[in-house]
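First the structure, in the form of structure tokens, and then the observations on it.
Just so it is clear, none of the values below were taken in a lab; they were calculated from the coordinates. Quick caveat, the model's predicted, so the values are computed rather than measured. Note: ideal-geometry Cβ built from the backbone for every residue, glycine included; neighbour counts use all protein chains shown.
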Amino acid sequence: MSDYKNKWEEYKAKNGATPLDLFKVRDQNITHAEMQRRYDICKGCPMFVGLTKQCRECGCFMGMKVKIDKARCPLGHWEPYEGEPEEIELDNPSE
Ligand code: SF4
């Protein structure tokens, strides 16, 4: 395995997800309450950069990372979500 691939494997093991996972909507099986809980933890963390809403430890944009069910905080402040996803109700387009 190349060093490059090893680095991404290490990153994924530490963070539960990679930046590419942000674009996989099927990996966003999580509730709004859990997303908010995670984000509130990040906002109170010294590694959180308020200006860009990024984490200094993983470099992720936290408004997006908290939506990924498999993601985890690299420092162990929150873990992957293992509960049921939230039902999303869509407006009826025929109304
Ligand atoms: S992911 Fe973890 S280390 Fe990064 S800002 Fe959130 S709580 Fe802090």
Distance between modelled label sites at residue 61 and residue 91, nm, 7 Å Cα→Cβ extension: 2.5 nm
Inter-probe distance in nm under a simple model that places probes 7 Å from Cα toward Cβ, at residue 77 and residue 11: 2.1 nm
Helix 3-15 axis, angle to the chain major axis (alpha carbon atoms, nearest 10°): 50 degrees
Karplus (6.51, -1.76, 1.60) ³J(HN,Hα), θ = phi - 60°, over segment 48-59, in Hz, Gly and Pro reported as x: 7, 9, x, 4, 9, 6, 10, 9, 5, 6, 9, x
Surface/4 of the Cα convex hull for the chain, nm²: 8.1 nm²
Percentage relative contact order, the chain, counting C-alpha pairs under 8 Å, at least six apart: 32 percent
Relative exposure of 91, 69, judged by other C-beta atoms within 10 Å (fewest first): 91, 69
Interchain or long-range residues, amide H under 5 Å from residue 54's placed H: 49, 62
